[in-house]
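Enquirer: So that we are looking at the same thing, I have put the structure below in structure tokens.
The values are calculated or read from the model by the stated rules, or taken from the named source; none is laboratory data. Just so we're clear, the structure is a prediction, and the values are computed from it rather than from any experiment. In this analysis, Cβ positions are derived from the backbone assuming ideal geometry, glycine residues included, and neighbour counts consider all displayed protein chains. All accessible areas refer to the heavy atoms of the entire protein, side chains included, with ligands and DNA or RNA removed. Shrake-Rupley method; radii C 1.70, N 1.55, O 1.52, S 1.80 Å.
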Amino acid sequence: MLEAHFPILTCLILLPLLGCLGVLFLKSPLTVRCWALGVSLAEMLTGLFLLQFKMGTSDFQFIESAQWVSAWGVQYFLGVDGISVFMVALTLLMFPFCIICSWTSILTRVKEFYICLFILISALIGVFSALDLFLFYLFWEAVLIPTYLLISLWGGRERDLAALKFILYTLAGSALLLVAVIAFRMEGGSFSIPNLTAHAYPVQFQRWMFLIMALAFAVKVPLFPFHTWLPAAYEQAPVAGSILLSAVMAKMGAYGFLRLGLPLAPEAAQFFAPLMIGMSVCSILYGGFLAFAQSNLKKIIAYSSLGHMGFIILGIFLFNLNGAQGALIQMVNHGITTGALFAVAGILHRRSQSYEISGNLGLGRYVPALMGLWGFFAFAGFAFPGTNNFVGEFLILAGAFEKNLWLGAVAIPGALLAAAYMLRPTQKMAWGEPSTATKWRDMSVREWGCVLPMAFLVLYLGLAPTFCLKVMNPSLKHLLEAFGPRTAVTLSMDNHFSANLTIENGLNNNSERGGGQ
Amino acid sequence: MNLIEGSFLHPATLFVILALILPFLRGGFWRVLLFIPPGAAIFLTLHAHVGVYWEVDYVGQALVLGRVDTLSLPFIILFAFMSFICTTFSFHVRDKAQHVAALFFMAAAFGSVLAGDYWTLYMFWQGMTVSSSFLIWLDREKDASKTGFLYMMFLLLSSVLLLAGILLRQRATGSFIFGPAESHLMWHYDYLILAAFAINAAVVPLHAWMTQGLPKATIPGAVLLSVFGIKTALYAMTRCFVGLELLIVLGAIMALYGAVYAVFSNNIRRIIAYLLVAQGGVMVVGIGMDSKMALDGAIFLAYAQTFYTALLLMAMGSVIYATKEELLGKLGNLVRKLPFVAVLTVFGLLGLCAVPFFSGFPGISLIFEEALKIQNPISGPFLLILLGLAMILMLLGGVRLSFFLFWTKSAEQQGHLKPLHRNMVVAMGMAGAFCLVQGIFPEVIYRHLPYPVEGRTFTSFKLLIGFLFPAAGVVLFIFLHPLLKPRTHELPDFEHLYTLVGRAIWFGLSKPLAWMDGIWTEIYRTFFLRAFYFMSRITDFFDRKGIDGAVNQTAASVMFLSRMSTRLQSGRLQDQLARMMLLALAVFALVWFW
């Protein structure tokens, strides 16, 4: 592990919270917005320290550690590796993006909105950088409240139901996650994730814990059939909420699998891999078909998210390097592309006051730049070569075919479905009649400033993804190597009051015997 | 080796650069810039040397962007010249979007032909799919929008099949090299790749996207689609599947099917589209024959067909531009109003019908010669009969088109025609000249073919057959022309089946799944949420009446006792003393008896 000379991660977590304090003293909405943007940019600049990340190692870096609740063994323990550094970077990228996207759409309770946003960002960075399981859980739960408020206070007409559904679903999963946290503490003797990962657990224990964690993460992602909160939440949330939900929060679930599910319960992960793969493939196809049937732009993007997250989880559970690389890079790419699509949808909504396709017809002639950007991100959405999503999907499909011919064959129609559900609205929006955009103005400077960096990233990550792959490879290889033969511990009970530890070797022996003799 | 010989500049480069900067150029001079990429492409391709260039690493794979060999070189030379002619034809168009789409399309075509590995091919293949769809959409008619969507979905299906084939091939062979498959030992991935190429080559029954899409494209766009779209697919087939017997059968079906539909179609561009399918069939037959001369014939025909089909589409496009009409039944007697177009249409049709000394003749005669020699899967003479029948039908279709378009009085009066732009006429003239030069001096093309051509092109026998066929076709038309009058409706084709499949997916899968998802959401809302609310109310009731009730009751009891206690406070000493004595007695009794 590489200790940090400067507590960069703590700064990244605290800066938005300090920003909240500043907001409390401001009065006019414009000042609040400027302050929020300033804080987000400062956060991004602070995040540039992460460029000191050393490549070629799978060790955690920028370590910060301090005793917190020593009686329970809870530490304030932060760090990032080649997996989590991308998630932190994605969160930092989305921060100013959300603020600019909400500039003119949030008109009531502006202060409270940005306070919620700051707390949410802070909690998200905490989730991705926590190396203490208790701390991880704390940040995991801390995400829920501001999200609930964002949806229920600034959402659409049916925001209350959407917010309630969202919080009930995720709370149900989180409650079980707490059980897993405590169980691992009791079994592993520590909350420290690196220590827990180095420990081997009985197979039965692993299977139960994996199931519990998988439920929590599957709801968060979401995976079919735990997805029914998704369309309501994504549709009813304000634009910034939709962006954060799809771009970052959905990745919490996938990150959970990578950080906890696979390393802590590798045998169980392999055992349940067919189930997870089945759910992923269902998500890909189901999400695709559902998206095709929608007439609301936000719902189309929401269901497309279901499909793309299906690809990501599929990549994770292939247990090969192509799949894992594809999954991780797709987590970043999907965040950028979907965030951009929601942003453009928000821009359209400001003009048409509608997210329906029928309210946004014939744009090509009157607002060509806006239409062009939607088309660009739509093409990125279905993994057009040269765009960022292509890299992730190509790697995942390569990994799928590497694993099993039929697996790849079943997943590949998802690519065609993606094209269908993205092109259908694009074609109608570009050339539909009668045009609803006859009196619209094209993109403003602020809107260009908001969307153009995303377009640049779509192209950059699509054409030159090698740098990202170099950063993530050591951590992913380490994660996949850990799936090799491990020493599993089984408890042998001699009598009622004592236990002897019997060391068993290898996965194969362990899987035959189960968790105990 | 000098600087030019050792270096390589990809012909697509300037097309892409111009496409990217074109939207930002102002003024009128930008149209002149359109000639730079094709001009450079002609120079670069004529000076290109065989070799492998521009290898780049991408996501751990080695991409080869520039493979120049005896097969790709003739195609890129062809594309270079055609890009110049197409640019000339579209010079008058002031819509930058159309030029941008065209530039990307041409760049992607060059990229596909020069691809040395399947990944590069796939990327440029996708590029062609998207940019060619825009050539239809930019017509901006209502039908064009819908047709473009169908067109794109079909070509994306081709891309998905190609992707699946590539990944499976890599899994089996460990290689992404874009090279020949074993025609006698085809694996499942080979069939997937073949299916992808077959879609783009408009092999029947996967052709309807082309026969529907081409007539809906912009006028210059249709020319580009015919030139670059189909030829790229045929090149890919030539690269991978030479000698595959299945192609002989598919090609024969294509030739006959396309020819029959061309005879009965009524949209002037759709007639050319079907003739394109038919001619493509003859080329596919040539590719499928395991013979060097047949391959040479197929490539020569690709050259020739590119020019005369482009010429015919330019001519039909000019007619549409001038008259604003595209149905054969509503047009007629145009020979006086558009004499140059009429002459060039005849030129193109003569090339298409393989009349000697026109461009189609050398290629067709090479293929027919080799067709006679094959034995599998169809016997040579039978194949020759089929191809001959197709040629006669193509002839009929071509003669019908020109006859009813130019030499018959139309049922409807055409008013004043819009004059054609000079660039359109120049472009058609260039294409016509090429048709003639290739026909009279086929050696100009022979030198670019992969194998040296054996035998003489113009033998007495070949010339006799070459003139006999068209003559027979014209005579047949004279007898049959009352039956071949233009109609108001089109023959149903496979596009109805595609639409049916699309609707089946929409109504059979997407809508029901969305409905089910909605039901599931409702079930959740009415059942789970209501159950949850009910549980909440029960808990609330228990909390208030039960737990809170117990707490409140305890508090109420304490308050009662307090009130009672206050009443006992009378203030009189004798009362207090009496109570104290009673209390003392009670405590004493308690201690004594316990």
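Enquirer: Taking the conditions exactly as written (modelled with pLDDT of 90 or more, away from every other protein chain (no Cβ under 11 Å) and touching a helix residue (DSSP H, G or I) at 6+ places or on another chain (Cβ under 8 Å)), does B:F105 satisfy them or not?
Expert: yes
Enquirer: Which one of the conditions (1) surrounded by fewer than 21 Cβ atoms within 10 Å (Cβ to Cβ); (2) away from chain A (no Cβ under 14 Å) does B:A255 fail to meet, given that it meets all the rest?
Expert: With (1) surrounded by fewer than 21 Cβ atoms within 10 Å (Cβ to Cβ); (2) away from chain A (no Cβ under 14 Å) applied to B:A255, the lone miss is (1).
Enquirer: Let me ask you something else. Restrict the check to region B:69-88 and report whether at least one residue is away from every other protein chain (no Cβ under 14 Å) and either among the charged types (D, E, K, R) or surrounded by fewer than 15 Cβ atoms within 10 Å (Cβ to Cβ) (or both).
Expert: Taking every residue of region B:69-88 in turn, at least one turns out to be away from every other protein chain (no Cβ under 14 Å) and either among the charged types (D, E, K, R) or surrounded by fewer than 15 Cβ atoms within 10 Å (Cβ to Cβ) (or both).
Enquirer: What's the total number of residues in region A:130-151 that are open to solvent by 10 Å² or more (accessible area, probe 1.4 Å), in contact (Cβ under 8 Å) with a residue 24 or more places away in the chain and hydroxyl-bearing (S, T, Y)?
Expert: Pass one, region A:130-151, residues open to solvent by 10 Å² or more (accessible area, probe 1.4 Å): A:134, A:137-139, A:141-142, A:145, A:148-149.
From what's left, in contact (Cβ under 8 Å) with a residue 24 or more places away in the chain: A:134, A:137, A:141, A:145, A:149.
Those still in the list that are hydroxyl-bearing (S, T, Y) too: A:137.
Residues that pass the stated criteria total 1.
Enquirer: Given the conditions (1) of a type outside the set (A, V, I, L, M, F, W, C); (2) in contact (Cβ under 8 Å) with a residue 12 or more places away in the chain; (3) open to solvent by 10 Å² or more (accessible area, probe 1.4 Å), report the number of the one that A:N195 does not fulfil.
Expert: (2)
Enquirer: Mind checking whether some residue in region A:330-337 is more than 26 Å from A:M94 (Cα to Cα) and within 14 Å of chain B (Cβ to nearest Cβ)?
Expert: no
Enquirer: Determine which member of the set A:L244, A:L230 is hydrophobic (A, V, I, L, M, F, W, C), away from chain B (no Cβ under 14 Å) and crowded, with 23+ Cβ neighbours inside 10 Å.
Expert: Result: A:L244 is the single residue among A:L244, A:L230 that is hydrophobic (A, V, I, L, M, F, W, C), away from chain B (no Cβ under 14 Å) and crowded, with 23+ Cβ neighbours inside 10 Å.
Enquirer: Take the residues of region A:352-380 that are of a type in the set (S, T, Y) and in a helix (DSSP H, G or I): which is surrounded by the fewest Cβ atoms within 10 Å (Cβ to Cβ)?
Expert: So, considering only residues that are of a type in the set (S, T, Y) and in a helix (DSSP H, G or I), the one surrounded by the fewest Cβ atoms within 10 Å (Cβ to Cβ) is A:S358.
Enquirer: Can I ask one more? What are the residues in region A:205-232 that are at pLDDT below 90, out of contact with any Asp or Glu (no Cβ under 9 Å at 6 or more places or on another chain) and assigned to a helix (DSSP H, G or I), if any?
Expert: Answer for region A:205-232, where residues must be at pLDDT below 90, out of contact with any Asp or Glu (no Cβ under 9 Å at 6 or more places or on another chain) and assigned to a helix (DSSP H, G or I): A:W229, A:L230.
Enquirer: Among the residues in region A:381-390, are any more than 10 Å from chain B (Cβ to nearest Cβ), of a type in the set (A, V, I, L, M) and buried (at least 22 other Cβ atoms within 10 Å of the Cβ)?
Expert: no
To keep it simple, each residue is scored yes or no on (1) part of a helix (DSSP H, G or I); (2) out of contact with any Ser or Thr (no Cβ under 8 Å at 6 or more places or on another chain); (3) modelled with pLDDT under 90.
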site: B:T309; (1), (2), (3): yes, no, no
site: B:M314; (1), (2), (3): yes, yes, no
site: B:A342; (1), (2), (3): yes, no, no
site: B:F347; (1), (2), (3): yes, yes, yes
site: B:G363; (1), (2), (3): yes, yes, yes
site: B:L384; (1), (2), (3): yes, yes, yes
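Enquirer: Inspect all residues belonging to region A:403-418 and state whether any of them is open to solvent by less than 20 Å² (accessible area, probe 1.4 Å), assigned to a loop (DSSP other than H, G, I, E, B) and at the interface with another protein chain (Cβ under 10 Å from one of its Cβ atoms).
Expert: yes
Enquirer: Which of the residues spanning region B:109-141 are at the interface with another protein chain (Cβ under 10 Å from one of its Cβ atoms) and either among the small types (G, A, S) or outside any helix (DSSP H, G or I) (or both)?
Expert: Step one: list which residues in region B:109-141 are at the interface with another protein chain (Cβ under 10 Å from one of its Cβ atoms), which gives B:119-120, B:122-127, B:129-130, B:133-134, B:137-141.
B:G127, B:S133, B:L138, B:D139, B:R140, B:E141, listed by residue number.
Enquirer: What are the residue pairs meeting all of these: first residue in region A:115-129, first residue without any contact (Cβ under 8 Å) to a residue 24 or more places away in the chain, second residue open to solvent by 10 Å² or more (accessible area, probe 1.4 Å), Cβ atoms under 8 Å, and 6 or more apart or on different chains?
Expert: A:A123/A:F139; A:A123/A:A142
Enquirer: So, one more: Would you please name the residue that is least open to solvent (accessible area, probe 1.4 Å), looking only at residues in region B:149-177 that are at the interface with another protein chain (Cβ under 9 Å from one of its Cβ atoms) and not hydrophobic (A, V, I, L, M, F, W, C)?
Expert: Going through the qualifying residues, I end up with B:S159.
Enquirer: Right, next: In this structure, does A:F49 turn out to be in contact (Cβ under 8 Å) with a residue 24 or more places away in the chain and open to solvent by less than 30 Å² (accessible area, probe 1.4 Å)?
Expert: Answer is no for this residue.
Enquirer: Restricting to region B:572-594, what's the tally of residues that are open to solvent by 100 Å² or more (accessible area, probe 1.4 Å) and either in contact with a helix residue (DSSP H, G or I) (Cβ under 9 Å, 6 or more places away or on another chain) or part of a helix (DSSP H, G or I) (or both)?
Expert: 12
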